[in-house]
Each structure stands twice: as C-alpha cells, then as structure tokens.
Amino acid sequence: MNNRCALAVLVSGSGSNLQALLDASAVPTFPAHVAVVLSNVPGVLALERARTAGVPTVVVPHQGAGDRGSYDEALVAALTPFQPDLVCLAGFMRLVGPRFLRAFPRGVLNIHPALLPSFPGLHAVRKALEHGVKVSGCTVHLVDEGTDTGPILAQAAVPVLDADTEATLSARIQAQEHRLYPLAVRLLAMGLVGRAGRRLLGGSGPESSALALLNPGTG
Ligand code: GRF
C-alpha cells in the first residue's frame, strides 16, 4: 500500500475522472493511490467524491491569489504535505506554470476531450463537432508550459455520429476517459514509459497491450 505511487488529483467540477482514479485506487494491485484532491472551487461534487472515498481534500481558490507564479506557489504549498509523486489534472480549469511543473518532476498529467493536437483549449468537443470530424476521442498527456501541448501518453478514439450533439459526443468520450486515465497512470506509476524526444513509449508489458486496445491499429 505505502509503496504505491501517491497521486494528487486537481479538480474544478463534477470529478467523474477523479472517480475513475478513486475506483482504480481501491484495487490493491493498482500501483497508485489518490493521496489528496485539490479544488480551486469550493463545494464541487468532486470534493464530495473524495470525502466519500476517505481521501483528504484541500481548496485553494484562485481569486485573490495574485499572478500565475503566486498561484503556483499556493498550489505547491497545499500539496507538499501529501508528498505526491504524480499530479493528475482532471477537469482543473486553471493553467499551471513553470513553478508548479518544477515541483513535480515525475510528471503532471492532464486529460483532454479530443485527439490532440487537434482542438486544444476550451470547448474541445464542440469545436470537433462543428469542424465535422468523423473520429474524436480523448488524450492523456504530460503537461508542459503550453495549453494542451505536452507529450502524448495515451489516446482513445470514438466515432462521431451524424446524430451527435455536444452532449452525446461528450458522453461517449467521457466513457473512454474513465478507462484511459487509470491505464495511463498505471503505465507511468510502474515506470514503463520511455521517451524518445517528444514520443512517449509504452514498452511491451500487459499494460501496454491494454492501452493498445484503446488505440485502434496499434495492437
Ligand atoms: C473531462 O472531459 C476532461 O477531459 C476535461 O474536463 C472534463 C472533466 O470532467 N479536461 P470530470 O470533472 O472529470 O467529470
């Protein structure tokens, strides 16, 4: 239990991805556990999900926190007592900066509801639908100083149907997000991820095979 990788999960809203990570953590053989949940917004459902799972929560409001560097400092100060190995952004609606990224050198992950590098930033599902793509999906990537520009760890694809609305496509993508994020965390926590330039390489173990199932054509 104690040698499992400690995760800090940062949220701003409903926390369905947090729930997927909490559910994965409840399995003793999962190589990571959620050590703390941090929200920039008080009273959100994600905080309730954490409390229900018995996980400590902290709220660090962004209003009045000053500039990006000061907010980074406040986030790092709030998380440090929990000694996270990895940070998972899960619907956290703030950008983190260099000061924050330096504090967590093993990795800061994000999940995005599109197949990056297409449709970074806000309203990704709406933008993909309006653009007319026939396939969309979700991406887990390492966070760098840009907006959704960091190296890609894992992706899952879903079809875009003629009858789709933003809500139906979002729901289809979220179902894949809830499978993909725990798998991506597992790969990183087990130290299975190699790197060649921007390319993150998943090795050849069973976890990689599971990821391949979510990535058509790679298995
Ligand atoms: C997810 O769709 C994720 O891709 C995006 O924000 C949403 C968060 O949803 N970054 P939830 O709070 O995990 O339900």
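Details
- Within the range 36-67, being under 13 Å from ARG94 (Cα atoms) and in contact (Cβ under 8 Å) with a residue 24 or more places away in the chain holds for LEU38, SER39, ASN40, VAL41, HIS62.
- Where a residue in the range 94-116 is in a helix (DSSP H, G or I) and its partner, wherever it lies, is away from the ligand (no atom under 16 Å from the Cβ) and of a type in the set (Val, Ile, Thr), with Cβ under 8 Å and at least six apart: ARG99/VAL76; PHE100/VAL76; ALA103/VAL76; ALA103/THR80
- Matching residues in the range 152-169 - criterion: being part of a loop (DSSP other than H, G, I, E, B) and surrounded by fewer than 18 Cβ atoms within 10 Å (Cβ to Cβ): LEU161, ASP162, ALA163, THR165
- Leading residue by the ranking (surrounded by the fewest Cβ atoms within 10 Å (Cβ to Cβ)) among those in the range 115-151 that are hydrophobic (A, V, I, L, M, F, W, C) and within 16 Å of PHE92 (Cα to Cα): LEU122
- Single residue of VAL193, VAL140 found to be of a type in the set (A, V, I, L, M, F, W, C), in contact (Cβ under 8 Å) with a residue 40 or more places away in the chain, closer than 30 Å to LEU75 by Cα and within 11 Å of the ligand (Cβ to nearest atom): VAL140
- Of all residues in the range 1-41 being in contact with a Pro (Cβ under 7 Å, 6 or more places away or on another chain) and within 22 Å of ALA65 (Cβ to Cβ), the one that is nearest to the ligand (Cβ to nearest atom): ASN40
- A search for C-beta distances below 9 Å between a residue of the range 10-21 that is within 8 Å of ALA90 (Cβ to Cβ) and touching a residue at least 40 places away in the same chain (Cβ under 8 Å) and any residue that is among the polar types (S, T, N, Q) and within 6 Å of the ligand (Cβ to nearest atom), counting only pairs 6+ apart in sequence or on different chains, returns VAL11/ASN17; ASN17/GLN174.
Read-outs throughout are calculated quantities, based only on the coordinates presented, and are distinct from any laboratory measurement. Keep in mind that what you see is a predicted model, and the values were worked out from it rather than measured. Reconstructed Cβ throughout: ideal geometry from the backbone, glycine too, with neighbour counts over all protein chains shown.
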